[in-house]
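Asker: Submitted below is the structure of interest, expressed as structure tokens.
The values are calculated or read from the model by the stated rules, or taken from the named source; none is laboratory data. Keep in mind that this is a model prediction, so the values were computed, not measured. Neighbour counts run over all protein chains shown; Cβ positions are idealised from the backbone, glycine included. Surface areas here come from the heavy atoms of the whole protein model, side chains and all, with no ligands, DNA or RNA. Shrake-Rupley method; radii C 1.70, N 1.55, O 1.52, S 1.80 Å.
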Amino acid sequence: VGPSNGSVFALSLSCSLNHGLVHMDTFRGFPPRAMTFLRGLKKNNRKEWFEAHREDYDDALRTPMKLLIDDVDVRLATFIPEIIGSAKKSMFRIHRDVRFSKDKSPYKTNAACWFFHRDSGGGVGGEAAHGGAGFYFHMAPGEIFCGGGIWMPPRPALAKIRESLADDYEGFNDIVLDKAFKRRFGALDPEAKLTRMPRGFDPDHPAGDWLRYQSFTAGTAVLLTDIQSAKLPDVLAKHYKAMTPFIRWLNTALGLRPSSGR
């Protein structure tokens with residue numbers, strides 16, 4: 001007697017899963033113990049404590065973050081396909097680079113991920129994403145936000161952005177001074193903004209204020225209830241879609257082209 005239709009389906013599904021053809025898991029929210037783990041890590045930032053709670057890290061943070069990255073990537077493909085998320089490359093490592101730091105705490109007390117231009121070289125690099133402009137998500141107790149842009153780009157990249165600002169400051173203004181953009185993201189973060197005009201530019205240049213920026217980032221808060229919900233990929237995608245003109249302006253300045261599909 002041959003197998004029933006249900007058995008055939010179960011066998012087919014099992015084979016597909018074993019060969020990586022079907023991906024059944026989707027993001028369902030970070031469980032409350034994700035923040036419990038991060039609060040505990042902040043108080044006990046040492047290897048012995050982390051190893052004793054590694055299962056909490058894997059189950060409550062690492063695995064959900066990878067599922068989130070995959071689900072957001074699917075949504076990015078519909079409106080900014082050149083920006084991608086990779087479960088392997090997008091998540092920031094929990095381990096800190098302590099080689100040149102006075103603070104020898106071995107672990108970061110936040111979880112974060114980065115969505116990057118597919119032609120940029122990819123991923124979070126080391127501790128910072130310098131391959132182009134992209135989108136960011138960050139969660140820690142009392143500090144949950146998403147945003148995008150490019151943070152402290154190296155000098156060659158910063159020079160390209162400044163050249164484009166000098167030529168197209170009106171186009172940049174149209175994006176970042178737009179009422180809807182400001183209502184959602186506020187002003188660009190002035191971190192490390194110069195007090196003087198960079199060398200080579202007229203002090204009275206109409207783009208003078210932007211030319212003194214060394215980072216080009218903006219963001220907005222995300223609710224705790226959102227990160228604990230299956231709707232988080234849609235929440236992030238909505239913010240990222242609103243930020244798409246800003247990201248594309250920066251990447252175009254860096255020579256990274258927009259795309260209409262994957």
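Asker: Among 244-255, 167-178, how do they line up by average Cβ neighbours within 10 Å per residue, starting with the highest? Please report the intermediate quantities before stating the final value.
Answerer: Numbers: 244-255: 20.2, 167-178: 14.6.
In descending order of packing, they fall as 244-255, 167-178.
Asker: Only one of the listed values, (i) 179; (ii) 170; (iii) 110, was derived from the coordinates as volume of the Cα convex hull per residue in Å³; which label is it?
Answerer: Structure-derived value, by its label: (ii).
Asker: Another one. Which FRET efficiency value, to the nearest 0.05, is calculated for R46 and A87 with the Förster distance at 35 angstrom and r the Cβ-Cβ distance?
Answerer: Details: r = 28 Å, r/R0 = 0.80.
For R0 = 35 Å, the calculated efficiency reads 0.80.
Asker: Show that you can apply the helix-only estimate: for the chain, add -39,500 (n - 2.57) for every DSSP H stretch of four or more residues, divide by all residues, and state [θ] at 222 nm to the nearest 500.
Answerer: Working: 10 runs with 108 residues, N = 262.
Result for the chain, helices only: -12500 deg cm²/dmol.
Asker: To continue, here is another question. Can you give me the distance in nm between label points at A159 and M197, each placed 7 Å from the Cα along the Cα-to-Cβ direction?
Answerer: 2.0 nm
Asker: For I175 and S229 in the same chain, what is the full-extension length gain: residue separation times 0.36 nm, less their Cα-Cα distance, in nm?
Answerer: 16.4 nm
Asker: Where the accessible area of the chain is counted over protein heavy atoms with a 1.4 Å probe, how much of it, in %, is carbon and sulfur?
Answerer: Details: 7540 of 14430 Å².
Carbon and sulfur: 52 percent of the exposed surface of the chain.
Asker: Separate question: Given a Förster distance of 35 Å, report the FRET efficiency between R96 and T220 from their Cβ-Cβ distance, rounded to the nearest 0.05.
Answerer: The value I calculate is 0.85.
Asker: How much accessible area does T225 have with a 1.4 Å probe, in Å² rounded to the nearest 10?
Answerer: Spelled out: T225, probe radius 1.4 Å, area about 100 Å².
Asker: With the cut-off at 20 Å, tell me which of the pairs K43/K88; K179/K238; K47/K88; K182/K241 have Cα atoms farther apart than that. Don't jump to the answer; show the numbers that get you there.
Answerer: On the way: K43/K88 28 Å; K179/K238 17 Å; K47/K88 23 Å; K182/K241 14 Å.
Checking Cα-Cα distances, K43/K88; K47/K88 exceed 20 Å.
Asker: How high is the relative contact order of the chain, in percent, with contacts defined as C-alpha pairs under 8 Å that are six or more residues apart?
Answerer: Values: 382 pairs, mean separation 57.3, N = 262.
With pairs under 8 Å counted, the relative contact order is 22 percent.
Asker: Please work out the average accessible area per residue across segment 193-250, using the 1.4 Å probe convention, and give it in Å².
Answerer: Computed with neighbouring chains in place, this is 51 Å² per residue.
Asker: Given a Förster distance of 30 angstrom, what is the FRET efficiency for A187 paired with T78, based on the Cβ-Cβ distance and rounded to 0.05? Write out the running numbers ahead of the final one.
Answerer: Working: r = 28 Å, r/R0 = 0.95.
Using R0 = 30 Å, I get an efficiency of 0.60.
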